[in-house]
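Note sheet for the following structure.
No lab work stands behind these numbers, since they all come straight from the coordinates. As the structure is a computational prediction, the values presented were derived from the model and not from experiment. Here the Cβ positions follow ideal geometry from the backbone for every residue, glycine too, while neighbour counts run over all protein chains shown.
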């Protein structure tokens, strides 16, 4: 998920590049967090999703997306 967010933030930072060589060059600089590496390892080892876990990805992701305007100027153009 971290990579997906990173990828989309690059699109926001480079809106006219699409997936050109400059975009791909920056995309390859992604470094996953230790938490993401641990979760990926657990998944490879047979991690089972538990719907009863209080951690709600939807809520957490919305909280993150609500902060993205701090780094980017987002305007509603009508």
Which residues among segment 1-21 fall inside the zone where the amide N is under 14 Å from a point 7 Å beyond the Cα of residue 28, along Cα→Cβ? 20-21
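What does the extension gain come out to for residue 9 and residue 40, with contour length at 0.36 nm per residue minus their alpha carbon separation?
Details: separation 31, 0.36 × 31 = 11.16 nm, distance 2.14 nm.
Contour length minus the Cα-Cα distance gives 9.0 nm.
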